[in-house]
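The block underneath contains the structure these notes are about, expressed in structure tokens.
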Amino acid sequence: MKGVKRIVIVGASAAGLTAAETLRHRGWNGDLTLIGEEPDPPYDRPPLSKQVLTGAWEPERATLRSPQDLARLEADLRLGQRAAALDVEGHRVRLGNGESIGYDALIIATGVAPRRLPDSELAGVHVLRTLDDALALRAELLAQSAVVVVGAGFLGTEVAAAARTMNLKVTLVEPEPAPVRRPFGDRIGKLIAELHREHGTNLRCGVPVTRLRGAGGQVTGVELGDGTTLPADVVVLALGSAPATRWLTGSGLRLGDGVLCDALCQAAPGIYAAGDVASWHNPHFGTRMRLEHRMNATEQAMAAVGNLLGDAKPFAPVPYFWTDQYDTRIQAYGIFPPGSDLRLVHDTASNSHFTAAYGHHGRVVGVLGWNTPRQLRTLRRLVAERASWTDFTATPAPHHGRRQHPPNGHSLSRPRPARAQSGRPSHIAVRASAAACTSPRRSTQEGPC
């Protein structure tokens, strides 16, 4: 690209690394600087809440590239350096150590930062974003017996599953009526709640956290909005994340829920964003979105680099994400707006394997698979082709085995798995990186789900 001799990438995780590699693969041979706040070489984050946390993987296994691979990038790799400010007019990035680095083009890939609660500085209170976070949490889980996980989204449910695998007493707290309700709705949330109960997790849904309790600088419990206090040796805050844009305040870039970009992932002339921090207009769905999904980090980085180099192609993906919890893999393509219609497509009599489709504004906008990867890949085309929801629902739904529920899936229940002789839950699946209930309440402490 004419006039671009120096490119700076801020953020050295999956999106930033992919951007650097794509530049070199596309033949761009100018000066390249890759800035990363963490001292570790780029690593994959999804295994942190599963394989690394349980000890199934050594930490080094999460590393994305070898030292030799990084050297082949011929980049100025600035690890352990924090971006502090951006001067758009002067085309410079200022680092936390006071150094200033000039650029002709800039790619922002700084990701997100975990949200916290007051008193989260108490010993025993953890967030999980970095490799150091995962290792510190694992060390405490090995030494303690009771953990409270606050937040039952994807991260919180995965951490709860990992902790049960380690045979800890686990309580999962969620202010919504069900786990992972916002992306998937109540019915799927109920199945996820049942999955965790079957493996011995205590759920408290529909109740907020008031504060953390501590003594002598150590966390001792979590106080809930109903006045009860849950004792805890360890507390994991999985309250969601905020885009890491503080360093861009005052830069002149448009900020909202992330760095606001157009359909080309461009935030300003010569400045692009990719990954968790980027908010862009997805023309396939006709809406602005920001995704915290591993696949999107890679795909968007490649698209942003392509547009920086002149491709001028709108980034219009069908999002894909997944989670592994216990013996269950949940995968999803598309988007899942609040108020969407839901229909079962393939299911078994026990509902241990099924797929579901989501409709919104007359179109199929999302599909979900519960232990059905092959069927789900077939259904993806409905989202990619923006299939009519009316035409889709007029087609009889295929199924396997004797149906126990109406075709529209109004009733869903999970079979109870056989318990191991030891009473321990089955081991969490060790694959790449979701999480209000059909079972009767077991006690008044469990909340509405």
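The values are calculated or read from the model by the stated rules, or taken from the named source; none is laboratory data. A quick note: this is a predicted structure, and the numbers were derived from the prediction, not measured. Cβ coordinates were reconstructed from backbone atoms using ideal geometry, including for glycine residues, and neighbour counts include every protein chain displayed. The accessibility values were calculated without ligands, DNA or RNA, using every heavy atom of the protein model including side chains. Shrake-Rupley method; radii C 1.70, N 1.55, O 1.52, S 1.80 Å.
For region 84-213, with all protein chains in place and a probe radius of 1.4 Å, 48% of the accessible heavy-atom surface sits on carbon or sulfur. Taking 0.36 nm per residue of sequence separation and removing the Cα-Cα distance, the GLU99/ASP76 pair yields an extension gain of 6.9 nm. The string of couplings for region 91-100 from the Karplus curve (6.51, -1.76, 1.60, θ = phi - 60°) is 6, 9, 10, 9, 8, x, 8, x, 5, 10 Hz, one whole number per residue in order, with x for Gly and Pro.
Under 18 Å Cα-Cα from LYS50, which lysines qualify once same-chain neighbours fewer than 8 residues away are excluded? Hits, sequence-local ones excluded: LYS169. The distance separating the Cα centre of region 380-396 from that of region 1-67 comes to 38 Å. Note on THR378: accessible area approximately 80 square angstrom, rounded to 10, probe 1.4 Å, nucleic acids and ligands left out.
Remark: spin-label model distance MET289-ALA242 equals 2.5 nm, labels positioned 7 Å along the Cα→Cβ axis. Each residue was assigned an accessible area with a 1.4 Å probe, and for HIS360 the value is about 50 Å². Surface composition of region 1-80: carbon and sulfur make up 46 percent of the accessible area, probe 1.4 Å. From its DSSP helices (H runs of at least four residues, each -39,500 (n - 2.57)), the chain gives a residue-normalised ellipticity at 222 nm of -6000 deg cm²/dmol.
Using the Karplus relation 6.51 cos²θ - 1.76 cosθ + 1.60 with θ = phi - 60°, the per-residue 3J(HN,Hα) values for region 365-371 come to 10, x, 9, 10, x, 10, 6 Hz, with x marking Gly and Pro.
Can you send over the carbon and sulfur percentage of the accessible area for region 229-269, probe radius 1.4 Å, protein chains only?
Working: 930 of 1740 Å².
In region 229-269, the share of accessible area belonging to carbon and sulfur is 54 percent.
With R₀ fixed at 35 Å, the C-beta to C-beta distance from GLU60 to ARG26 puts the FRET efficiency at about 0.75. Give the residue from HIS353, PRO338, MET302 lying farthest towards the positive end of the charge dipole for region 286-387; charges sit on Cβ (+1 for Lys and Arg, -1 for Asp and Glu) and the dipole is referred to the Cα centre. So the residue we want is MET302. When each of the peptides 228-236, 210-218, 154-162 is scored by how many other beta carbons lie within 10 Å of its residues on average, the order from highest to lowest is 154-162, 228-236, 210-218.
Within 12 Å, Cβ to Cβ, of THR390, how many net charges do the neighbouring residues add up to if Lys/Arg are +1 and Asp/Glu are -1? Don't jump to the answer; show the numbers that get you there.
Working: positive: ARG343, ARG363; negative: ASP341, ASP391.
For residues surrounding THR390, the net value is 0.
Taking amide hydrogens as placed 1.01 Å from N in the peptide plane, the amide H of GLY221 sits under 5 Å from those of ARG213, ALA232, each at least 5 positions away in sequence or on another chain.
First measure r as the distance between the Cβ atoms of ASP132 and GLU89, then evaluate 1/(1 + (r/R0)^6) with R0 = 51 Å and state the FRET efficiency to the nearest 0.05. Spell out each step's value before the answer.
Details: r = 36 Å, r/R0 = 0.70.
The formula returns an efficiency of 0.90 here.
Full extension of the chain segment joining THR210 with GLU121 gains 30.4 nm, where the gain is 0.36 nm per residue of separation less the Cα-Cα distance. Cross-link partners for LYS313 among the aspartates and glutamates, with Cα-Cα distance under 15 Å and sequence neighbours closer than 8 places in the same chain left out: ASP262, GLU299. Surface calculation, 1.4 Å probe, protein heavy atoms: LYS169 sits at approximately 140 Å² accessible.
Near the amide H of ASP44, within less than 5 Å, lie the amide hydrogens of THR63, LEU64, all on another chain or at least 5 residues away, with H placed in the peptide plane. Residue-wise HN-Hα couplings along region 307-315, as the Karplus relation 6.51 cos²θ - 1.76 cosθ + 1.60 with θ = phi - 60° gives them from phi, are 6, 4, 8, x, 5, 6, 10, x, 8 Hz; Gly and Pro carry x. The aspartates and glutamates within cross-link reach of LYS190, meaning a Cα-to-Cα straight distance under 18 Å and a gap of 8 or more places when in the same chain, are GLU158, GLU174, GLU176, GLU198, ASP324, ASP327, ASP341, ASP347, GLU446. Hey, what's the chain come to in accessible area per residue, 1.4 Å probe, Å²? On a per-residue basis, 43 Å².
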